[in-house]
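The block underneath contains the structure these notes are about, expressed in C-alpha cells.
The values are calculated or read from the model by the stated rules, or taken from the named source; none is laboratory data. Just so it is clear, the model here is predicted, and its values are computed rather than measured. Cβ atoms come from the backbone with ideal geometry, glycine included; neighbour counts cover every protein chain shown. These accessible areas exclude ligands, DNA and RNA; they are computed on the full protein's heavy atoms, side chains included. Shrake-Rupley method; radii C 1.70, N 1.55, O 1.52, S 1.80 Å.
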Amino acid sequence: MNGKDKLRQKIFAGARVSPAEAARLFSWDILELGEAADLRRRLIHPQNTVGFISDRIINFTNICEAACDFCAFHAGADSLKPYELPRDEILSKVRELSGRGGTQVMLQGGLHPGHTLATYTGLVREIKKRFPHIYLHSFSPSEIAHIAAKSSLPLDSVIAELKKAGLDSVPGAADLLVDRIRAKVSPRKIGKDKWCEVMYALGRHGMRSSATMTYGMGETETEKIEHLRVVREVQDRTAGTAGRGKSGEGIFRAFIPWSFSPNRTKLAGIKPATGTDYLKIVAISRIFLDNIRYIQAGWLTEGLKLAQIALAMGANDMGGVLTEEKVVKATGSGTRAGLSEFIDLIRNAGKIPVLRDSSYKILSRSPGKK
Ligand code: SF4
C-alpha cells in the first residue's frame, strides 16, 4: 500500500491525522478530498441536517487603534467614515431582531482607545436588562485583551465581569494563528499566544467560543495547517473544563474558515484565494479537526453558491442569517441572504435545514413555516 492509500485508510477509519499528513491533502484531487471530508462529517454528525441561526451582527464602532493592514472596516482604511453607534441605536437594532424572532446578537467593534471594561459591561447589562432572552455571542479575543490592557486588569477579571454582566460566549476571531503573518498584517493586534491565553481564560470561566480562520494573506500550506494545529490543541486542552465535563467537548462549538478579501485594504495587491482553495480548506479542516462538531460554510465571504458546495465537502452549518454586517461589506462584498433563500439553498444541496440556537440545539425542523 502506498503512502496515499495508507492516509486514505486512516481517514476512512476516523483516526487522527498528523499535521504532516494534513499538509499532503492539499495535493489531492478536490473531489477525492471532498468525499473523504464528507465521510468524516458523517462519522461525527450522521444526520443530514444543516443548521442556521437567526442573528444580527452589530458593529458598534470602527474606531480601532490596531489599524490592521488586512482590514477594510477600521476608520483609518478610508472605506468607512469613523463612527460609534449611540446606545439607543444599538438597543433599537436588538429590538428589531427580537421582534423578528431572532435569538443571537454579535456585538463586535474596533479596539477603541477610549473603551474600558465599564464601556463593555454597561452595554452588555443594558441589552440583557431589556432583552434577557437574546443570547450575546459577542466581542473577540483581541477586544477582551484590549479591555484588560485599557483597564489594567488580568484577563480573568475582565472575563468574570463580562460574564456577570450577561455576556454568554465570545466568537474566537483568530485571523491566522501564525506570528510570521500577524507581524506583517496586524502587528498591533494580539499574537497567537495571547489569543490562546484568552481562550484558556474563557475556558476557566466555563464560557464557549468558536474558532475562525482567515487565509490567503501570503501564508504557506504548512502555515495553514499550523493554524489548524493550534485550534485542535486548544480544543483538546479545554475539553472537560468547567461546564463541559460531561460532553468532553472543548471550548469551540464551531470552526469557520474564510478567505481574505484584499479589496480596499492595504494588501490590495494580493491575489485573492480561489473557490478550490476554499473548498480544500473546508475539507481539510473537517478531516484534521476531529474534535470540533460543526464546520461552518462561510457564505458571507465565499458567496452562497460556493458555501452550498461546501456542504458536500465537510461543512454542516450555515451560520447566521445576518440582518446587518459591516466588516466584510467594507471590502465591497455584497452577499446577502434571507430566510427562504437559506432554506431553499440547503434543501437544494440535498440536506435538511434546521433552525438552531447558539448552543446548536435545534429549535425548528420546519423553519420558515408558521
Ligand atoms: S481586524 Fe479588528 S483589530 Fe484589526 S483593524 Fe479591523 S477592527 Fe481593528
> Can you spot a residue in the range 74-81 that is at pLDDT 95 or above and either out of contact with any Pro (no Cβ under 7 Å at 6 or more places or on another chain) or part of a loop (DSSP other than H, G, I, E, B) (or both)?
Replying inline: no
> In this structure, does V94 turn out to be in contact with a strand residue (DSSP E or B) (Cβ under 8 Å, 6 or more places away or on another chain) and assigned to a strand (DSSP E or B)?
Replying inline: no
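Each row is one residue, and each column tells you yes or no for (1) hydrophobic (A, V, I, L, M, F, W, C); (2) outside any helix (DSSP H, G or I); (3) out of contact with any strand residue (DSSP E or B) (no Cβ under 7 Å at 6 or more places or on another chain); (4) surrounded by fewer than 16 Cβ atoms within 10 Å (Cβ to Cβ).
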{"site": "S209", "(1), (2), (3), (4)": "no, yes, no, no"}
{"site": "I225", "(1), (2), (3), (4)": "yes, no, yes, no"}
{"site": "T276", "(1), (2), (3), (4)": "no, no, yes, yes"}
{"site": "A312", "(1), (2), (3), (4)": "yes, yes, yes, no"}
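Pull up the range 227-244, narrow it to residues that are part of a helix (DSSP H, G or I) and open to solvent by 40 Å² or more (accessible area, probe 1.4 Å), then point me to the one that is farthest from P272 (Cα to Cα). Lay out the reasoning, then the answer.
If we filter the range 227-244 for residues that are part of a helix (DSSP H, G or I), which is where we start, we get 227-238.
Next, from what is left, pick out any that are open to solvent by 40 Å² or more (accessible area, probe 1.4 Å): 229, 233, 236-237.
Numbers: R229: 24, E233: 29, D236: 32, R237: 34 Å.
Restricting to residues being part of a helix (DSSP H, G or I) and open to solvent by 40 Å² or more (accessible area, probe 1.4 Å), the top hit is R237.
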>> If I filter the range 95-104 for residues that are under 21 Å from C71 (Cβ atoms) and either in contact with an Asp or Glu (Cβ under 8 Å, 6 or more places away or on another chain) or modelled with pLDDT under 95 (or both), do I get at least one hit?
In response: no
> How many residues does the range 114-153 hold that are among the aromatic types (F, W, Y) and within 13 Å of the ligand (Cβ to nearest atom)?
Replying inline: 1
>> Anything in the range 9-28 that is more than 15 Å from H227 (Cα to Cα) and of a type in the set (S, T, Y)? List them, or say none.
In response: S27
>> Could you go through the range 26-48 and let me know if any residue there is at pLDDT 95 or above, within 20 Å of the chain's Cα centre (by Cα) and either more than 16 Å from the ligand (Cβ to nearest atom) or under 30 Å from A268 (Cα atoms) (or both).
In response: yes
> So how many residues does the range 286-307 have that are open to solvent by 30 Å² or more (accessible area, probe 1.4 Å) and part of a loop (DSSP other than H, G, I, E, B)?
Replying inline: 3
>> Every residue in the range 176-200 that is open to solvent by 10 Å² or more (accessible area, probe 1.4 Å) and either under 13 Å from E143 (Cβ atoms) or away from the ligand (no atom under 16 Å from the Cβ) (or both), please.
In response: R180, K189, I190, D193, K194, C196, E197, Y200
> Which of the residues that make up the range 85-113 are within 13 Å of the ligand (Cβ to nearest atom) and either free of Cβ contacts under 8 Å to residues at least 24 places away in the same chain or farther than 24 Å from P132 by Cα (or both)?
Replying inline: G110, L111, H112, P113
>> Name the residue that is nearest to M106 (Cα to Cα), counting only residues in the range 182-205 that are free of Cβ contacts under 8 Å to residues at least 60 places away in the same chain and more than 19 Å from the chain's Cα centre (by Cα).
In response: H205
>> Considering only the range 50-69, I want to know if a residue exists there that is away from the ligand (no atom under 14 Å from the Cβ), part of a helix (DSSP H, G or I) and of a type outside the set (S, T, Y).
In response: no
